[in-house]
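Have a look at the structure below before the remarks.
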Amino acid sequence: MNFSSLSLSSEMLTTLDSLGYKNATAIQEATLPLILDGKDVIAEAKTGSGKTAAFGIGLLEKLDVKRFRVQTLVLCPTRELADQVAKELRRIARFKHNIKILMLTGGESFGRQLGSLEHQAHIIVGTPGRVLKHLNKESLELSNLKMLVLDEADRMLDMGFIEEVEAVMAFMPKERQTLLFSATYDAEILKISKRIQNDPVLVKTTEVEVANKITEEFYATTSKEDTFVKILSGFKPENVIVFTNTKAEARELAQNLQKRKIDALAIHGDLEQYERNDVLVQFANKSCPILVATDVAARGLDIKELSMVVNYDIPHGSETYTHRIGRTGRAGAEGIAITLYDSYEAEKADEYRDDKRLFLEDSELKGSTNFQLKPEFVTLVIEGGKKDKLRAGDLLGALTGDAGLKGSSIGKIDIYDRQAYVAIETRFIDEAEKALKRGKIKGRNFSVWIL
Ligand code: ADP
Ligand code: MG
């Protein structure tokens, strides 16, 4: 269905068109009329179905831009998710000037957030803990709130945020619109809905959407590490997320792979925020083809075009399995999901048997265990960012100018407030580092190092 058949403003239609959003996704088509009509909604749709834009278009259309007060609060379970939601909202908000969207998440400087809050905002996107902290300190005020959105409500419950969410709720007017978005729908969701929503309409589009194209294979093995290496060498995936059930295992697997000269990084709950960011940037910009992750750490990751997901262990429960493998095969691309199991897990693996899934032995794999994997790019960090008015063009200029690199040897550039990351083709990394250390960027010297 075309967006123009929904009653959206013409500026919004132009923006959606410029974003390449030609047709509304099923969940957008089903929820937007309700949201615009002021109804409370529980929306269930699978990952990648465009839920952010569903509530994003709705909340932006309802926003009274002239009224410079917090009118909308979007709560997300993790900082990464909040970041993605804020980005998508900003893209959709392009059509109207002066819409102020502010992120309030943990792992960021509280003081800086205080400063931003003094300048007010229309929309807050945040995680429950940090939002609550601001409410308690009275640096955030929600008396003008018109709409609350809980994104990934199911994960919010999984992660035990419910008390914080309810505490946040106590600071809001009772009269408001409450939207609840989730990839799954169960008794828990219904329970929270009863407490925070008013006569909600349930919208479920799970069935009508086309399933991701994912090939699912299970391998019985006596050495998971060797089997995994064979899989890498046989399938040659461009990027892989490997899930382990514990963080100790994630750390150990990444180390063991590195010893075998297979480039891998681990992401788990013990990392500091900046370490987490370093890892995610490297994975997304092709400086590290393998990410070893625990479920909690991987929550909210939205890496586009992930070729493969590997379950290094049988996950606890089929919902986790579905969540994990749903990260590959997005947006019509084909994905592959591989699950490894040893003799101790054979019984659990049996629960996954069905006619879509292929059960095989390690001996049926073609690859070799003598396989090495080096990344295409290496990441250079520049200690300067948006706050220094550094832009991608400045970095590109410095690298292609003074350093003499070809544009084609430079990959993704990510610029954060105080740091910039540039992916450089591996064989040029030393040259690039030297040149940036020697020369100036925008007439200034910045610290530069290789990640
Ligand atoms: P979900 O929250 O349901 O997992 P997202 O909101 O992250 O999904 O959307 C997945 C992707 O689809 C994003 O890259 C988004 O930009 C894109 N998208 C959303 N709506 C549309 C649309 N109507 N047409 C094309 N792409 C869309
Ligand atoms: Mg989402």
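The values are calculated or read from the model by the stated rules, or taken from the named source; none is laboratory data. All values derive from a computational prediction rather than experimental measurement. For neighbour counting, all protein chains shown are included, and Cβ atoms are generated from backbone atoms with ideal geometry for every residue, glycine included.
Would you please name the residue that is farthest from A392 (Cα to Cα), looking only at residues in region 416-438 that are assigned to a strand (DSSP E or B) and over 21 Å from the mean Cα position of the chain (by Cα)?
Taking the candidates together, the pick is E425.
Name the helices (runs of 4 or more DSSP H) wholly inside region 220-320 in which the number of residues that are modelled with pLDDT of 95 or more, away from ligand 1 (no atom under 16 Å from the Cβ) and under 22 Å from E334 (Cβ atoms) is 3 or more.
Because the criterion is at least 3 residues that are modelled with pLDDT of 95 or more, away from ligand 1 (no atom under 16 Å from the Cβ) and under 22 Å from E334 (Cβ atoms), the helices (runs of 4 or more DSSP H) in region 220-320 that meet it are 224-235.
Among the candidates D270, D263, D313, D342, which residue alone is acidic (D, E), under 23 Å from the mean Cα position of the chain (by Cα) and closer than 24 Å to A220 by Cα?
D313
Pairs, please: C-beta under 8 Å, at least 6 apart or cross-chain, first residue without any contact (Cβ under 8 Å) to a residue 60 or more places away in the chain and in region 139-155, second of a type in the set (F, W, Y) and away from ligand 2 (no atom under 11 Å from the Cβ)?
Once the first residue is without any contact (Cβ under 8 Å) to a residue 60 or more places away in the chain and sits in region 139-155, its partners that are of a type in the set (F, W, Y) and away from ligand 2 (no atom under 11 Å from the Cβ) give D154/Y185.
Considering region 132-172 alone, what residues qualify as being under 21 Å from S182 (Cα atoms), assigned to a helix (DSSP H, G or I) and away from ligand 2 (no atom under 16 Å from the Cβ)?
Matches in region 132-172: I162, E163, E164, V165, E166, A167, V168, M169.
Six or more apart or on different chains, Cβ atoms under 8 Å: show the pairs whose first residue is in region 18-30 and closer than 20 Å to K96 by Cα and whose second is of a type outside the set (V, I, T) and within 16 Å of ligand 2 (Cβ to nearest atom).
L19/R91; Y21/A53
State whether the residues of region 110-119 include one that is farther than 15 Å from T72 by Cα, at pLDDT below 95 and within 16 Å of ligand 2 (Cβ to nearest atom).
For region 110-119, residues farther than 15 Å from T72 by Cα, at pLDDT below 95 and within 16 Å of ligand 2 (Cβ to nearest atom): absent.
Being buried (at least 19 other Cβ atoms within 10 Å of the Cβ) and either not polar (S, T, N, Q) or not in a helix (DSSP H, G or I) (or both) is the filter here, so list the residues in region 395-410 that pass it.
Those that are buried (at least 19 other Cβ atoms within 10 Å of the Cβ) and either not polar (S, T, N, Q) or not in a helix (DSSP H, G or I) (or both): L395, A398, L399, A403, L405, I410.
Taking only region 40-77 into account, find how many residues are within 13 Å of ligand 1 (Cβ to nearest atom) and touching a residue at least 40 places away in the same chain (Cβ under 8 Å).
The number of residues fulfilling the criteria is 16.
Pull up region 173-202, narrow it to residues that are polar (S, T, N, Q) and assigned to a strand (DSSP E or B), then point me to the one that is farthest from the chain's Cα centre (by Cα).
Once the filter is applied, the top-ranked residue is Q177.
For K366, are the conditions met, namely being touching a helix residue (DSSP H, G or I) at 6+ places or on another chain (Cβ under 7 Å), exposed (fewer than 14 other Cβ atoms within 10 Å of the Cβ), touching a residue at least 24 places away in the same chain (Cβ under 8 Å) and not acidic (D, E)?
So K366 fits the description; yes.
Pairs, please: C-beta under 8 Å, at least 6 apart or cross-chain, first residue among the small types (G, A, S) and in region 339-359, second at pLDDT 95 or above and surrounded by fewer than 15 Cβ atoms within 10 Å (Cβ to Cβ)?
S343/T222
If I ask for residues that are farther than 12 Å from G129 by Cα and away from ligand 1 (no atom under 13 Å from the Cβ), which ones from region 149-158 would you list?
L157, D158
So in region 162-176, with the set limited to residues that are in contact with a Ser or Thr (Cβ under 9 Å, 6 or more places away or on another chain) and not aliphatic (A, V, I, L, M), which one is modelled with the lowest pLDDT?
Ranking the candidates gives E164 first.
Return the pairs, sorted by first residue and then second, in which the second residue is of a type in the set (D, E, K, R), the first residue lies in region 162-175 and is farther than 14 Å from K133 by Cβ, the beta carbons are less than 8 Å apart, and the residues are 6+ apart or on different chains.
E166/R195
Somewhere in region 34-43, is a residue within 16 Å of ligand 2 (Cβ to nearest atom), within 24 Å of D199 (Cβ to Cβ), modelled with pLDDT under 95 and touching a strand residue (DSSP E or B) at 6+ places or on another chain (Cβ under 9 Å)?
No: zero hits.
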